[in-house]
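The values are calculated or read from the model by the stated rules, or taken from the named source; none is laboratory data. If you're wondering where the values come from, they're calculated on a predicted model, not measured in any experiment. Here the Cβ positions follow ideal geometry from the backbone for every residue, glycine too, while neighbour counts run over all protein chains shown.
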Ligand SMILES: [Ca+2]
Ligand SMILES: [Ca+2]
């Protein structure tokens, strides 16, 4: 009878191997890699800041002439690219004092290298400013496994309301031009970019008006620039806002 037991044992081993093989084939047990969100790195015009508005991590994002900013969030998707089976990503946010109240923002398809998302607060009823916003993402793979990312945060404040000069104004380089805006008692940064968004000049002020003669910026005749005002409570903290952007043209 020993040989019968031996055959039974072999059969059981073969069957259980077969079962576990089938299970591995049908069910992917490996969840997505954990994603690291990119914290706020620095702002254009900060001393030694080599980052631009496009790659500086979580940041306020100009919502044009609305009275609040949108939020830009970013993450490192290299681990997800290596996984090779990511299907979609869920975006989630909450704000301080409501940290049990996670809000689902949107589900986006996974497209490698497009690891930037702009949260326009669509459907949010309360005031968007004076809140510290926290974000995390949840990548899902083809089999439905998911792994939460870590969390980043940024506080939005009232964006400066641009007054003058009007968008697409044209001046001689010798004109007296007054740049003015409305806002709280914040620190303001006036920024001038070329039309390819390279930062040409920036400087900080506590005023809400600056004449071009007070600004250490020498425009070149025949050139156009993009200008805007950023606001900070304390420069260098994870907190701020950005005005809309306007174009200014210079002639001789
Ligand atoms: Ca997987
Ligand atoms: Ca910024």
query: Can you name every residue in segment 153-168 that is more than 20 Å from the chain's Cα centre (by Cα) and surrounded by fewer than 20 Cβ atoms within 10 Å (Cβ to Cβ)?
result: 161, 163, 164, 165, 166, 167, 168
Scan of segment 175-194 for residues that are more than 11 Å from residue 209 (Cα to Cα) and at pLDDT below 95, ordered by number: 184, 185
- prompt: If you take the residues in segment 139-152 that are within 16 Å of the chain's Cα centre (by Cα) and surrounded by fewer than 19 Cβ atoms within 10 Å (Cβ to Cβ), which one is nearest to residue 208 (Cα to Cα)?
  reply: 151
query: So which of 64, 48 ends up being more than 15 Å from ligand 2 (Cβ to nearest atom), free of Cβ contacts under 8 Å to residues at least 40 places away in the same chain and out of contact with any helix residue (DSSP H, G or I) (no Cβ under 6 Å at 6 or more places or on another chain)?
result: 48
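With the requirement that a residue be part of a loop (DSSP other than H, G, I, E, B) and either touching a residue at least 60 places away in the same chain (Cβ under 8 Å) or within 16 Å of ligand 2 (Cβ to nearest atom) (or both), what does segment 118-147 give you? It would help to see each step written out before you state the result.
Taking segment 118-147 and keeping what is part of a loop (DSSP other than H, G, I, E, B), we get 120-130, 142-145, 147.
128, 129, 142, 143, 145, 147 - these are the residues of segment 118-147 that are part of a loop (DSSP other than H, G, I, E, B) and either touching a residue at least 60 places away in the same chain (Cβ under 8 Å) or within 16 Å of ligand 2 (Cβ to nearest atom) (or both).
Within segment 73-106, which residues are in contact with a strand residue (DSSP E or B) (Cβ under 7 Å, 6 or more places away or on another chain) and either within 16 Å of ligand 1 (Cβ to nearest atom) or within 15 Å of residue 145 (Cα to Cα) (or both)? Walk me through it before giving the result.
Our first condition is that a residue be in contact with a strand residue (DSSP E or B) (Cβ under 7 Å, 6 or more places away or on another chain); within segment 73-106, this holds for 73-75, 80, 83, 85-96, 101-106.
Correct list: 80, 83, 85, 86, 87, 88, 89, 90.
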